[in-house]
Structure formats: C-alpha cells, structure tokens
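Below is one structure, written out as structure tokens, with a few remarks after it.
The values are calculated or read from the model by the stated rules, or taken from the named source; none is laboratory data. Source: prediction; values computed, not measured. No Cβ is skipped: glycine too gets one built from the backbone with ideal geometry, and neighbour counts run over all protein chains shown.
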Amino acid sequence: MSNSLHTQLLVEHRHLTANRAGKTHALIRLEAEGRPELKRPPLDLVACIDVSGSMAGSKLDEVKRSLLALASELAAQDRLGITSFENEVALVLPPTRMDAAGKSRLHEAVARLGPMGSTFMSGGILGAIADLKAAPTPAPEAVRRILLFTDGHANVGIPENDRVAWATLLRDRLEGFSVSWFGFGEDHDADFLSFLADLTRGNAYVAKDEDAITDAFAQELGGLLGVRAMDIVLELSVQRGSATLLNDERSEMNGERLVIRLDDLSCEERKDLVVELTLPPMPAQEALEVRLVAQWRDVLSGTQEEATCEVSLVLALGPHRGTNPEVIEAVALVFAANAQKRARAFAEQERWQDAADTITEAVKRLKRLDTPRAQALAGHLASFIADYRDRSSYMGNRSKLKSAERAMSKQRGTGSPVDGLYMTNGKLRMQARFKEQPESQVDPRLVQQLQDELADLFRASLGRARVSTPGRRRS
C-alpha cells in the first residue's frame, strides 16, 4: 500500500450462485493521503476571464476579488497570469511569480479589467494557452492549469454547437495543460462547459450568484494546492469474465482488461468507482479472481507508484451471499447520478412526468439505505423534482441540475447543492479563507489612475498597426 494513494477493491457478494451466468458489482475505492501540510508542487496558472459587456457590474467585481484572493494564497514558487477576452483577446499579465513584487503587478493588472464587447471564447482559450506556453518553463513537477470564467455563450469565433471543431482545436493546442471552466448564472451552457472540462482534463463549476463565484474559485484552488496523485491509471481484470464502469469517467477495454483513467486526486479526497462484473456459469467450489492494478504519479516525490488488489469470488450452490453494504451504497449513489442524467434527457424532450418519476424512483432507492450519505442525497434529489414540473421551471434551473449530475457522478464539487457530500477539509478551509478577504484589496485611486492610463493608451492606439495575430492585443 502506498502512502500517497490508498486503494481498495470490494465486491458486492463474495459467494455467488454456481452453474449460472450472472452479474454483480465491484467497488474501486481510492483515497488520497490527507496531509495538506506536506510540501506541495508549484502551481502554474493563467486566469482566462470573459470581460464582455454582460460582465459589467457585480459579476466582474466579484471575479476581480476572487483573483486577488487567489493570488494571496499563492507563494513565490507559484505563477499566475491573466488573459482576458471579449471581441479581442488581451494579455493582461504574463505568468508572473507570486512574490511580493509579482502580487503588486497582479493588483495593477486586475484593476485594468473592464467590460466591453462580445464573447470570443475560443480566442480566449487559445490566448491563455499561448501565454502559458510563452512563459519560461517552470519546475517539471509544476501543476499547470488554465481557469476560464464566462457568463455567456461563445458568440464570436467557434460556436458552441461545433463540438468537433472545439475538440480538434484543443487536441492540437493543449499540450500537457488542463483547463477548469467556471460558468455564471443561467446564460451560459453548463452542458457545453462540462464537455470542455472532460476534454481538457479539468473541472466545471456553476456559480449561481456573485457569492458563488468566490466559492468556486476557492474550491478549485483548494484542490490544486492539495493535489497528491496525478495521471492515475486503473486496470481491472476478471478471470473468465468482463467488467463495465458505471461512473462517468474515461474508460476503455484493453484486451480483456478494463482501463480507467483519472487526472488527479487531492489530499483527503475519496473516489468510489462502481464496476459491473459479468460472470460466466461456473461449477460449485470454483473461484474467480478479480484483480486491480493501480498506477499513478506522486506529485510530491515525482515518482511513479503502483498498488495491486485481488479478490476471489467463490461459486457455491444457493443464492448470492455475503453482501457488502459499502458496495450497495456506492451502487445506489451511481444509480442516482444516472437517474439525474436520464431525467434531464426526458426534460429536453419535454417529458416532464417521466423526468419527475425517474427522480422519484432514485429517491425511494436511496431512502431504503440507512446511511447518512444516501439519506442526504435523497433529500437533495427530492428537492429537484419541482424543477421538472414544466419548461419554465426546468430552464430556470438547467445549469443547477447539470452541475448536480456532474458532482454526483464525478464525486467532486461543481458549485451544485450536493457539493457538501464531496468536499474535502482543504477545500472548505480555502472557501472560508476567501470569504475572509476584504471586499476590495485595490486602492481606488490606483484603479482610477490605471483606467485613465488605459483610456489614453486606447486613444493613442487608434490608427496604429495591430499585432499580426488577429484578435490579440497586450493590455
């Protein structure tokens, strides 16, 4: 057993019915070491901020406050840059070390952020990638991530419905970086941001109001500061049988082995993966071996680590025996996540009764389990039933419902009502620290001075030749 990532393999039944093909479940449980006080790898971050006209007012103010709070938690080993986008893309601050001088430069850069124009999202992410690539190479163990915040739709550049173009763009340009996506309110497309998060190996958050913007950034930073294991690969083999992953994570078959890939786990974070096992008919007293091999990179030591778990399933006369309640609960939680996905599919077809019935069935299944997590999730799901009453109710809560579905399946916070079931102490502490930050950390006189200088620069730039890359400018 490794110190950085603890692995377990549990099965629903240890004794199965002989002479009959059947199905059962296995649970892969991963728990990252809960010691956030250990030395951590440096962070290399670029905040990619939508500054289109719709961001004016409290939304952009809260994003600015979140950026300053984020910077206050970083150290001199970390770098943070800012790229903004509207009709054009601007390099506001190149990736800069967060020592005292760097934080001062960041304060000045945040003050320069102002709303205008439309939402050139594809240009924004390309600009952020270019800005991160152009910076000097950080320490090899650095965690490199782009944090993109938007409140609307991509109405300039690649449209949201062209997912093939988005996939091609990011596959060609995203070299070892991950991207986390933050969407504000109901004007953005939560399904689209979730698609992009999966594509870029990052997270997706919904911020329902201005206060939730700070919580989302804090939760992301809390996870990044505590990253313990990365590039996790799980291989599950079933003797003379097969396996199918029920969670919404990346998986594929490699011969007879099920291969599951996870990007990272933070200190104290637990991930439960439910696998359905399909078994052939076997005579009594035979045993089937289920074997798990887990490999990952320990971000503190930089070394590759491995752990192996094995379980024997015994075939016997009579019904299945030896039920494991932890596996039963995990199966019910995954069923609830998939029920939420089915309900949303019904709602998209305006089959409101089918959607509500699907959630109701999941609630009943959870209530039959006498465990705190199942009961808590049942309460959350029951509150969602009203959101499937009609089109108006659904469209007003579409992002919330998508984020809850994602949180339940990924077992990681997304800004949804069910986040409390999956929060680590590190993320909770970071949210509390962000809330303690003063409302404004920027001298208003500095803000006015910088805005005046920006206006002068803008007037001076009229008629001046633009840089060769379309839609790019330095702020």
Lone qualifier among Thr303, Thr360, Thr244, Thr278 - being hydroxyl-bearing (Ser, Thr, Tyr), modelled with pLDDT of 95 or more and not assigned by TED's automatic domain parsing to the domain that holds Gly379: Thr244
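Residue-wise test of (1) assigned by TED's automatic domain parsing to the domain that holds Ala204; (2) surrounded by fewer than 20 Cβ atoms within 10 Å (Cβ to Cβ); (3) in a loop (DSSP other than H, G, I, E, B).
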site: Ile82; (1), (2), (3): yes, no, no
site: Asn87; (1), (2), (3): yes, yes, yes
site: Pro115; (1), (2), (3): yes, yes, yes
site: Ser118; (1), (2), (3): yes, yes, yes
site: Ser122; (1), (2), (3): yes, no, no
site: Ile125; (1), (2), (3): yes, no, no
site: Ala130; (1), (2), (3): yes, yes, no
site: Lys133; (1), (2), (3): yes, yes, no
Thr137 hydroxyl-bearing (Ser, Thr, Tyr) and either crowded, with 20+ Cβ neighbours inside 10 Å or farther than 28 Å from Gly302 by Cα (or both): no
Selection status of Gly471, crowded, with 20+ Cβ neighbours inside 10 Å and at pLDDT 90 or above: no
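This table checks each residue for (1) at pLDDT 95 or above; (2) within 23 Å of Asp211 (Cα to Cα).
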residue	(1), (2)
Thr83	yes, yes
Arg105	yes, no
Arg112	no, yes
Gly117	no, no
Phe120	no, no
Gly123	no, no
Gly127	no, no
Pro138	no, no
Members of the stretch 198-213 that are under 18 Å from Ala165 (Cβ atoms) and touching a helix residue (DSSP H, G or I) at 6+ places or on another chain (Cβ under 8 Å): Leu199, Thr200
Enumerated strands (runs of 3 or more DSSP E) restricted to the stretch 1-76, each holding at least 3 residues that are under 21 Å from the mean Cα position of the chain (by Cα) and in the same structural domain as Lys103 (by TED's automatic domain parsing): 43-50
Positions within the stretch 150-175 being in contact with a Gly (Cβ under 8 Å, 6 or more places away or on another chain) and either surrounded by fewer than 19 Cβ atoms within 10 Å (Cβ to Cβ) or not in a loop (DSSP other than H, G, I, E, B) (or both), in sequence order: Thr150
Count of residues meeting criterion [assigned to a strand (DSSP E or B) and more than 30 Å from Arg40 (Cα to Cα)] in the stretch 239-273: 9
Check on Thr17, under 30 Å from Glu286 (Cα atoms), among the β-branched types (Val, Ile, Thr), crowded, with 18+ Cβ neighbours inside 10 Å and touching a residue at least 12 places away in the same chain (Cβ under 8 Å): yes
Which listed residue is farther than 23 Å from Asp44 by Cβ, in contact with a helix residue (DSSP H, G or I) (Cβ under 9 Å, 6 or more places away or on another chain) and not charged (D, E, K, R), from Ala165, Ala130, Ala71: Ala165
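So which of Asp215, Asp198, Asp211 ends up being acidic (Asp, Glu), at pLDDT below 95 and more than 18 Å from Leu67 (Cβ to Cβ)?
Asp198
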